[in-house]
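Following: one structure in structure tokens, then a few remarks.
The values are calculated or read from the model by the stated rules, or taken from the named source; none is laboratory data. Predicted model only: the values in this text are computed from it and were never measured. Neighbour counts are summed over all protein chains in view; Cβ atoms, including those assigned to glycine, are modelled from backbone coordinates with ideal geometry. All accessible areas refer to the heavy atoms of the entire protein, side chains included, with ligands and DNA or RNA removed. Shrake-Rupley method; radii C 1.70, N 1.55, O 1.52, S 1.80 Å.
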Amino acid sequence: MSKQFELTRKVLISFIENLDEDTAGIQPRGFNNTIQWHIGHVLVSAESFMYGYPKKSSHIPESYHELFKMGTKPGDWNGNVPSMKELTELIRNQTERINQLPDEFFTNKLPFTFPFGNIETFGDLYGFMLYHEADHIGQMKAIKRMIEA
């Protein structure tokens, strides 16, 4: 599965590197969020899935949870929003950390019931995470096309 993760993150990081901060903050009509929100959401979601963020992980500021968790949107943001540079660096660091997880980790049963699908182990959750990230990358690409049109 790590080859799939490498591919997904390589596509995400390449997309981010070819994006300017202004474009990342635009919310086109018909979309609920911005590219910046999607990047933060992918970061927060992966941290939650693999490390129990925000309660069990301190690799990402706890304040990101309220900015990027499911159901949030940029229109509700009040306060300090991380820059694209900061989000990109955290995505890179997270990629390295996830790649360092031992194979045995993925066979562990989840200590909770996951609300979507038949997800019982961290390996199953890792597979869902890959789907989730790819879905959000597609949304980011669609938003960018709308902005450039």
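Points to keep in mind about this one:
- Of all residues making up the range 1-20, the number that are under 12 Å from Ile91 (Cβ atoms) and open to solvent by 100 Å² or more (accessible area, probe 1.4 Å): 2
- Residue match in the range 107-115 (condition: farther than 12 Å from Phe49 by Cβ and in contact (Cβ under 8 Å) with a residue 24 or more places away in the chain): no
- Being of a type in the set (Val, Ile, Thr) and more than 19 Å from Glu6 (Cα to Cα) is true of Ile143.
- Scanning the range 9-25 for residues that are more than 30 Å from Lys56 (Cα to Cα) and part of a loop (DSSP other than H, G, I, E, B) gives Asn18, Leu19, Asp20.
- Check on Pro28, assigned to a loop (DSSP other than H, G, I, E, B), closer than 19 Å to Lys144 by Cα, open to solvent by less than 60 Å² (accessible area, probe 1.4 Å) and not hydrophobic (A, V, I, L, M, F, W, C): yes
- Checked against (1) open to solvent by 40 Å² or more (accessible area, probe 1.4 Å); (2) touching a helix residue (DSSP H, G or I) at 6+ places or on another chain (Cβ under 9 Å); (3) modelled with pLDDT of 95 or more, Glu104 meets all criteria but (2).
- Within the range 37-54, being modelled with pLDDT of 95 or more and not hydrophobic (A, V, I, L, M, F, W, C) holds for His38, Gly40, His41, Ser45, Glu47, Ser48, Tyr51.
- His38 being buried (at least 18 other Cβ atoms within 10 Å of the Cβ) and either under 24 Å from Asp124 (Cβ atoms) or among the hydrophobic types (A, V, I, L, M, F, W, C) (or both): yes
- Residues that are within 18 Å of Ile147 (Cα to Cα) and free of Cβ contacts under 8 Å to residues at least 24 places away in the same chain within the range 5-19 comprise just one, Asn18.
- Test: residue in the range 84-94 that is farther than 21 Å from Ile16 by Cα and open to solvent by 70 Å² or more (accessible area, probe 1.4 Å): no
- Count of residues meeting criterion [of a type in the set (Phe, Trp, Tyr) and over 25 Å from Asn99 (Cβ atoms)] in the range 1-36: 1
- Residue within the range 15-32 that is under 20 Å from Leu130 (Cβ atoms) and among the acidic types (Asp, Glu) present: no
- The range 55-79 - residue that is part of a loop (DSSP other than H, G, I, E, B) and open to solvent by less than 30 Å² (accessible area, probe 1.4 Å) and, of those, modelled with the lowest pLDDT: Ser57
- Only a single criterion out of (1) out of contact with any Ser or Thr (no Cβ under 8 Å at 6 or more places or on another chain); (2) of a type outside the set (A, V, I, L, M); (3) modelled with pLDDT of 95 or more is not satisfied by Pro115, namely (3).
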